[in-house]
Amino acid sequence: MNNVIQEITERIAERSGASRTAYLARIRRDGEAAHAKGPARTHLGCANLAHGFAAAPAEDKQALRVVGSAAKPGVAIVTSYNDMLSAHQPYETYPAELKQAVRRAGGVAQVAGGVPAMCDGITQGRPGMELSLYSRDVIAMATAIALSHDMFDATLLLGVCDKIVPGLLIGALHFGHLPTIFVPAGPMTSGLPNKVKARARQSFAEGKVGREELLDAEAKSYHSPGTCTFYGTANSNQVLMEVMGLHLPGSTFVNPHTELRHALTEAAGRRAVEITAHGGEYTPVGELVDERAIVNACVALLATGGSTNHTMHLVAMAAAAGIVLTWDDLACLSKVVPSLTRIYPNGQADVNHFRDAGGMQVLIGDLLDEGLLHADVLTVAGRGLDRYRDAPWLEDGRLAWHRVNGGSADPDVLRPVSDPFAADGGIHMISGNLGTAVSKVSAVKPEHLVIEAPAKVFDDQLELLAAFEAGTLDGQDFVAVIRYQGPSANGMPELHKLTPPLAVLLDRGQRVAIVTDGRMSGASGKVPAAIHLSPEAADGGPIALVRDGDVVRLDSAAGTLELLVPAEELARRTPGGRPLSDAEWVGTGRELFAAFRRMAGHAEQGAGIFGVSGAESPHHGPGLGFVAEAGSSHLESGVTPVVTVK
């Protein structure tokens, strides 16, 4: 192993010692009970069990009735299917396929529940986006509700996009004694080239083309069932699930509705039975997701320049397994993990091109060979990440895996560690007197990584868009400071709608950048940005003290962000602007999530409402550390985190 990777892994393990030990003790008790008592449903009371199989088809009903040594393992299917999201539409047929595969393997499967799945692509720039990050924790809770019936011995999770995969995993980890397999749906085939799509968006922002031309370009880009093909959060999710060993090897980027996709789905159903406590290869998800798996996920994210959203999601997923991951860990890893891919928005290729260049098998193999990934890990395919060098194939209609021994077939898309696109990771951690932030550097040209310019302060992204339309941003260098966009202000919406107009100014020769306590997602593009700034304005962060004209220096290469104002002057200032009150934050269902605003943690702590599993405290709920009076924000109540992580 690379010495730095090993040291960081050991540091995480030491920091997490108490909570991880408590978490493992809990799930191991549940696992031992599963071994001793047989399939979970067999110790339910008769009325409970009758409710559990009342609607089952005759074949399954008979299997579900059986108790004792002849009882078959039960498999829960938790699905995020809907037919509005292209990535999730293929899941319509999965339950029937999985049930049949589980039957053949000697088990019985049921759809245990559904979870919401919203599309950030639809809600961008709209009030619904302010519910997006909160939906991750709603999904985790919905997963827990599905599994709370105690009918099951393994879980099949059907989810692809943004907050859905992290939410499903967080929920599943709270049932960590259950084996869990993610079943992907795959990306849509390639549509309009990304360069053409980006040009259409900028042309629309400049008023050179109308709505119909832009809609035509977008429809040719997002054109069929499957995941959007750019490398945003959805496809970053898929990369992380494979490198963590939660997908079957090579299943990530196989297109929907193909024979191979169908075969892999069936294989996931069979494998779920094999890895139950009653199948001979017991693989509980809480044991699988350990410190090494989390570090492997971080390495894959950095090596591929994946979504910045995962700087929060990885922290939250780790916490669900009793593991304390910090942004400092990511910063240290980024210094030794090189950038190995160029996938839009970091390049012009899409995930299909990445797959065809060698994809996950070549990427994982090279990182393993260079000691940048932990090899001795538990996966749903068995022990050892080496299995993920293998690619799935169909031989005479039967699924098989073959070792991929060659390197990249396209060095413009995928490169080895020995010849990277950059020596460090595609995501940098930023710090300075404004706080701690995240910067995705893999899509930014080197000449734009450093900017020192006057601030233009906005309390809403619509204000910036209006200023662009009015022409008041033309002909000048500036750092756009967009505040009150954090988790406890308004749900931390993605501000991706700002990229096209600011890219226009960048192309005109202006030097521009973004500093915000909001998000920009995996599609942050070529505009330099320091995002997820923590502490946020609504919690009294220094970003609330910035005034128009203050000089801000962002150096994404060095990892620094400074407000060039004397400390004594800042000490005399009072916060400017404010977040919306609960009474103002209404519409599109936002009022239903007021409690989430009051409970949301800092971005660097995962921006969620849950704490670290195994570190629960009776004094402040599930280990989060926030207690705010009803109707107040963190800022209004004067509440600060009770627990700080060093």
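Miscellaneous remarks
- Within the straight-line cut-off of under 23 Å between alpha carbons, the lysines reachable from LYS99 are LYS61, LYS72, sequence neighbours fewer than 8 places apart in one chain being disregarded.
- Each peptide in 145-151, 130-136, 465-471, 353-359 gets a packing score, the mean of other Cβ atoms within 10 Å over its residues, and the list from highest to lowest is 130-136, 353-359, 145-151, 465-471.
- Each residue of region 231-236 was assigned a 3J(HN,Hα) from its phi angle through the Karplus curve 6.51 cos²θ - 1.76 cosθ + 1.60 (θ = phi - 60°); the sequence is 8, x, 5, 4, 6, 4 Hz, with glycine and proline shown as x.
- Partner lysines for LYS195 [C-alpha distance under 22 Å; skip if fewer than 8 residues away on the same chain]: LYS208, LYS220, LYS440, LYS445, LYS497, LYS526
- Taking a ≥ b ≥ c as the square roots of the Cα gyration tensor eigenvalues, region 1-90 comes out oblate, since a/c reaches at least 1.5 and a/b does not exceed b/c.
- Note on region 250-361: Cα convex hull, mean projected area over all directions, 8.6 nm².
- Neighbourhood charge, 11 Å Cβ-Cβ cut-off, centred on LEU44 and excluding it, Lys, Arg +1 and Asp, Glu -1: +1
- Under 5 Å between amide hydrogens, built in the peptide plane, is the criterion, and for GLY113 it picks out ILE77, THR79 among residues at least 5 positions away or on other chains.
- Summing Lys and Arg as +1 and Asp and Glu as -1 over all other residues whose Cβ lies under 15 Å from the Cβ of HIS313 gives a net charge of -2.
- Listed residue (GLY426, HIS88, VAL243) projecting farthest to the positive dipole end of the chain, Cβ model: HIS88
- With respect to the chain, whose longest principal axis is taken over its alpha-carbon atoms, helix 359-369 is tilted by about 90°.
- Accessible surface, 1.4 Å probe, highest first, among residues THR265, THR42, THR574: THR574, THR42, THR265
- Note on region 246-393: with neighbouring protein chains present and a 1.4 Å probe, carbon and sulfur make up 48 percent of its accessible heavy-atom surface.
- All aspartates and glutamates inside 13 Å of LYS456 as judged from Cα atoms, apart from same-chain residues fewer than 8 positions distant: ASP474, ASP477, ASP548, ASP550
- For region 567-575, 3J(HN,Hα) computed residue by residue from phi via the Karplus equation (6.51, -1.76, 1.60; θ = phi - 60°) reads 4, 5, 6, 4, 5, 7, 7, 10, x Hz, glycine and proline entered as x.
- Dipole magnitude of region 472-545, debye to nearest 20 (Cβ charges: Lys/Arg +1, Asp/Glu -1, about Cα centre): 160
- Crossing angle, helix 310-320 versus the chain [Cα axis fit, 0-90 degrees, rounded to tens]: 40
- Accessible area (Å², 1.4 Å probe, nearest 10) - ARG547: 70
- FRET efficiency estimate (nearest 0.05) - Cβ-Cβ, ASP83 to ALA55, R0 25 angstrom: 0.65
- Each residue was assigned an accessible area with a 1.4 Å probe, and for LYS208 the value is about 140 Å².
- Karplus 3J(HN,Hα) series, Hz, for region 6-15 with 6.51 cos²θ - 1.76 cosθ + 1.60 (x for Gly, Pro): 5, 5, 5, 4, 5, 5, 5, 4, 5, 4
- Counted charge near ALA466, where neighbours are those whose Cβ lies closer than 14 Å (Asp, Glu -1; Lys, Arg +1): -3
- C-alpha long axis of helix 259-274 to longest principal axis of the chain, angle in °: 60
The values are calculated or read from the model by the stated rules, or taken from the named source; none is laboratory data. What you see is a predicted model; the values in this text were computed from it and never measured. With ideal geometry, Cβ positions are generated from the backbone for all residues, glycine too; neighbour counts draw on all protein chains shown. The area values use the complete protein model at the heavy-atom level, side chains included, leaving out ligands, DNA and RNA. Shrake-Rupley method; radii C 1.70, N 1.55, O 1.52, S 1.80 Å.
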